[in-house]
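Engineer: Below is a structure I'd like to ask you about.
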Amino acid sequence: MSIRDKWLLPEGIEEVLPPDARQLEDARREILDLYARWGYQLIMPPFIEYLDSLLTGSGNDLDLQTFKITDQMSGRMMGLRADMTPQAARIDAHPLRRDAPSRLCYVGTVLHTRTDGFGGSRSPLQVGAELFGHAGPDSDVEILSLVLETLSLLDIADARIDLGHVGIFRGLARDAGLTALQERELFDALQRKAVTDIDEILADTTAGNDQRRRLAALAGLNGGAEVLARAGDILAGAGHGVNEALDNLRSIAEQMQQRHTGLVLNYDLAELRGYAYQTGMVFAVFVPGCGQEIARGGRYDAVGEVFGRARPATGFSTDLKTLM
């Protein structure tokens, strides 16, 4: 690198200069004050820790996003955090170990090996909140409402929430007797809404006609409030877990509509981002003029199991730089 290039930063790594840095800091303080009023306590996890702790229940995506180094003191692999949610789960499971529900929030830089999309950042300033110890839809509604309050605080209007539930696909796949490989292939095809691929994958399974029909229908179950009614008809006859997941999604949607007049809710039953560790409702938040979601979250009850404490959990995260 020549002398005149030494000031350049790596692609996707940016710094924040005046006056944006001041605005970013003011927003960070206002958000943390908001979360404190809601009963969420601030945690400050380390930027680096052992890799097997950072990747708990997160699946392959987070593994690929994590920078890895060898700890010279212990010889163990360490990682630079790419997501703070597993860290919050570890803190809830061990340093805190509360019996009552625990509300935790955080803000800090995370580091990604690659960007999520064209021109994206590899060093987001992640803001998030997690609620541990409550399994009902009320806690999911609280998290969704806190997301909306966060956006309102920053004068971000016209937010649209896309809701899904991984329990629907997981239950249908279990009923159909899919192998682990078939489930992964079908998951990938559903994310792409690739109808031809979906049909080909299902044709190679031992599932019955009704079971294949229900799984294939997920790709088209997206849109407004009518989606839940259509899903009830199309998925009739599926196992108890599928109906239970649909009922849970209906309950969350009804409470959100009651609490937030005029809120636009959309539904996508093939929306399975975070499928490797999510266990229930999942959501993404969009605003006009932005092609990618500006916040995401959902329920992930099993994430603390590896720490010996699989408490119910739900939460969300966003990039404060993106919001600003």
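The values are calculated or read from the model by the stated rules, or taken from the named source; none is laboratory data. In this text, all values refer to a predicted model and were calculated from it rather than measured experimentally. No Cβ is skipped: glycine too gets one built from the backbone with ideal geometry, and neighbour counts run over all protein chains shown. Surface accessibility is based on the protein's heavy atoms, side chains included, excluding ligands, DNA and RNA. Shrake-Rupley method; radii C 1.70, N 1.55, O 1.52, S 1.80 Å.
Engineer: Any residue at all in segment 179-186 that's over 19 Å from residue 301 (Cβ atoms), of a type in the set (A, V, I, L, M) and in contact (Cβ under 8 Å) with a residue 24 or more places away in the chain?
Structural biologist: Yes, some residue in segment 179-186 is over 19 Å from residue 301 (Cβ atoms), of a type in the set (A, V, I, L, M) and in contact (Cβ under 8 Å) with a residue 24 or more places away in the chain.
Engineer: On to the next question. Identify, from the list 225, 217, 203, the residue that is hydrophobic (A, V, I, L, M, F, W, C), open to solvent by 20 Å² or more (accessible area, probe 1.4 Å) and within 27 Å of residue 260 (Cβ to Cβ).
Structural biologist: So the residue among 225, 217, 203 that is hydrophobic (A, V, I, L, M, F, W, C), open to solvent by 20 Å² or more (accessible area, probe 1.4 Å) and within 27 Å of residue 260 (Cβ to Cβ) is 225.
Engineer: For residue 90, are the conditions met, namely being in a helix (DSSP H, G or I), farther than 19 Å from residue 320 by Cα and either among the β-branched types (Val, Ile, Thr) or open to solvent by less than 70 Å² (accessible area, probe 1.4 Å) (or both)?
Structural biologist: So residue 90 fits the description; yes.
Engineer: Now for a separate question. Sort out which residues of segment 143-163 are in contact with a helix residue (DSSP H, G or I) (Cβ under 8 Å, 6 or more places away or on another chain) and buried (at least 20 other Cβ atoms within 10 Å of the Cβ), and write them in order of number.
Structural biologist: Within segment 143-163, 144, 146, 150, 161, 163 qualify.
Engineer: Under 21 Å from residue 155 (Cβ atoms) and in contact with a Phe, Trp or Tyr (Cβ under 7 Å, 6 or more places away or on another chain): does that describe residue 313?
Structural biologist: It is false that residue 313 is under 21 Å from residue 155 (Cβ atoms) and in contact with a Phe, Trp or Tyr (Cβ under 7 Å, 6 or more places away or on another chain).
Engineer: Would you mind finding the one in 226, 244 that is in contact (Cβ under 8 Å) with a residue 60 or more places away in the chain and under 22 Å from residue 169 (Cα atoms)?
Structural biologist: Of 226, 244, the one residue that is in contact (Cβ under 8 Å) with a residue 60 or more places away in the chain and under 22 Å from residue 169 (Cα atoms) is 244.
Engineer: For residue 140, state whether it is surrounded by fewer than 19 Cβ atoms within 10 Å (Cβ to Cβ) and either part of a loop (DSSP other than H, G, I, E, B) or not hydroxyl-bearing (Ser, Thr, Tyr) (or both).
Structural biologist: No; evaluated as a whole, the condition is false for this residue.
Engineer: Also, I was wondering about something else. Out of segment 61-119, which residues are of a type in the set (A, V, I, L, M, F, W, C), farther than 21 Å from residue 130 by Cα and in contact (Cβ under 8 Å) with a residue 24 or more places away in the chain?
Structural biologist: Within segment 61-119, 64, 67, 77, 78 qualify.
Engineer: Return the total of residues in segment 3-21 being touching a residue at least 24 places away in the same chain (Cβ under 8 Å), in a loop (DSSP other than H, G, I, E, B) and open to solvent by 80 Å² or more (accessible area, probe 1.4 Å).
Structural biologist: Total satisfying the criteria: 1.
Engineer: Additional query: Name the single residue, out of those in segment 275-293 being more than 25 Å from residue 186 (Cβ to Cβ) and surrounded by fewer than 18 Cβ atoms within 10 Å (Cβ to Cβ), that is modelled with the lowest pLDDT.
Structural biologist: The qualifying residue modelled with the lowest pLDDT is 291.
Engineer: Moving to a separate point now. Please state which of the following conditions residue 285 fails to meet, knowing it meets all the rest: (1) assigned to a loop (DSSP other than H, G, I, E, B); (2) closer than 30 Å to residue 120 by Cβ; (3) of a type in the set (A, V, I, L, M, F, W, C).
Structural biologist: (1)
Engineer: Looking at segment 255-264, which of its residues are open to solvent by 20 Å² or more (accessible area, probe 1.4 Å), touching a Ser or Thr at 6+ places or on another chain (Cβ under 8 Å) and in a helix (DSSP H, G or I)?
Structural biologist: Once the filter is applied, which keeps residues that are open to solvent by 20 Å² or more (accessible area, probe 1.4 Å), touching a Ser or Thr at 6+ places or on another chain (Cβ under 8 Å) and in a helix (DSSP H, G or I), segment 255-264 yields only 259.
Engineer: Filter segment 242-254 down to the residues that are over 17 Å from residue 217 (Cα atoms) and open to solvent by less than 60 Å² (accessible area, probe 1.4 Å) and list them by number.
Structural biologist: The answer is 248, 249, 251, 252, 253.
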